[in-house]
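Below is one structure, written out as structure tokens; the observations come after it.
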Amino acid sequence: MRFLGNIEAKTDTKGRAFLPSTFRRVLQTAGEESLMLRKDIFQNCLVLYPQSVWNEQEDALRSRLNRWNKHQQNIFRQFVREAIEVTLDGNGRFLIPKRYLAMAEIEQEIVFIGVGNTIEIWSKQNAEAPFVGDDEFSNAIEQLMADSNEPAAND
């Protein structure tokens with residue numbers, strides 16, 4: 001399951017948003033009916049996880065943490081307590097609770113960004129700024145791909 005795209009939208013006065021149809025089709029094709037919503041760990045955006053992806057992420061985190069270590073158990077609690085299940089209505093809308101809108105600095109205009117197996121929801125103003133500068137981006141891609149040990153296209 002792969003989500004790609006950068007789609008602008010708006011929330012209504014109640015905080016409801018339409019999940020873009022391109023993303024709904026990906027979910028339907030994969031047989032996903034449920035989504036989990038959580039604030040991103042690093043950025044001021046929200047992340048929609050298909051239920052199966054959320055379960056994999058939760059299991060991966062749990063497997064790295066010791067249930068009998070107080071600090072690690074609190075890390076896990078923090079991760080799961082900030083997640084909620086969201087459901088799409090018949091029109092493809094879902095509710096973003098007010099506290100989540102505030103966490104992501106969302107007023108009304110939003111941007112959905114497909115990021116592999118998740119969908120990020122950004123405030124339009126935060127999504128307009130580049131995530132990294134052009135030079136930093138091209139240098140990072142060059143280094144990552146040069147280090148991948150893949151044979152060159154001309155080989």
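The values are calculated or read from the model by the stated rules, or taken from the named source; none is laboratory data. Just so you know, these numbers come straight off a predicted model, no measurement behind them. Cβ placement follows ideal geometry from the backbone for every residue including glycine, while neighbour counts extend to all protein chains displayed. For accessibility, only protein heavy atoms count, side chains too; no ligands or nucleic acids. Shrake-Rupley method; radii C 1.70, N 1.55, O 1.52, S 1.80 Å.
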Which of Arg77, Arg24, Arg38 ends up with the largest GNM mean-square fluctuation for the chain, with Cα atoms connected below 10 Å? Arg77
For a test of the definition: using alpha carbon positions, the gyration tensor, and the 1.5 limit on a/c, classify the stretch 82-145 as rounded, prolate or oblate. prolate
Quick one: which residues, 5 or more positions from Cys45 or on another chain, have an amide H under 5 Å from its amide H? H modelled 1.01 Å from N in the peptide plane, none for Pro or chain starts. Asp40
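For the stretch 14-129, calculate the relative contact order in percent as a whole number, restricting contacts to Cα pairs under 8 Å that are 6 or more residues apart.
Contact order relative to length: 36 percent.
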Find, among the GluC sites (Glu not before Pro) in the stretch 21-66, those assigned to loop by DSSP (not H, G, I, E, B) with at most 14 other beta-carbon atoms within 10 angstrom. Glu33
Student exercise: in the chain, how many lysine pairs 8 or more apart or on different chains have Cα atoms under 26 Å apart? 10
Which of the chymotrypsin sites (Phe, Trp or Tyr not before Pro) found in the stretch 49-108 are loop residues per DSSP with 12 or fewer other Cβ atoms within 10 Å of their Cβ? Trp68
When the label point is put 7 Å from the Cα of Ala129 along its Cα-to-beta-carbon vector, which residues of the stretch 1-45 have a backbone N closer than 11 Å? 44
Pop out the carbon and sulfur fraction of the accessible area of the chain as a percent, whole number, probe 1.4 Å. 49
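Is it possible to state the helix-based mean residue ellipticity at 222 nm for the chain, with each DSSP H run of 4+ residues giving -39500 (n - 2.57), the sum divided by total residues, to the nearest 500 deg cm²/dmol? What is it?
Value at 222 nm, helices only: -11500 deg cm²/dmol.
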For the stretch 67-108, just say rounded, prolate or oblate: build the C-alpha gyration tensor, square-root its eigenvalues into a ≥ b ≥ c, call rounded for a/c under 1.5, and beyond that prolate if a/b exceeds b/c, oblate if not. oblate
Suppose all protein chains stay in the model; what accessible area per residue would a 1.4 Å probe give for the chain, in Å²? 66
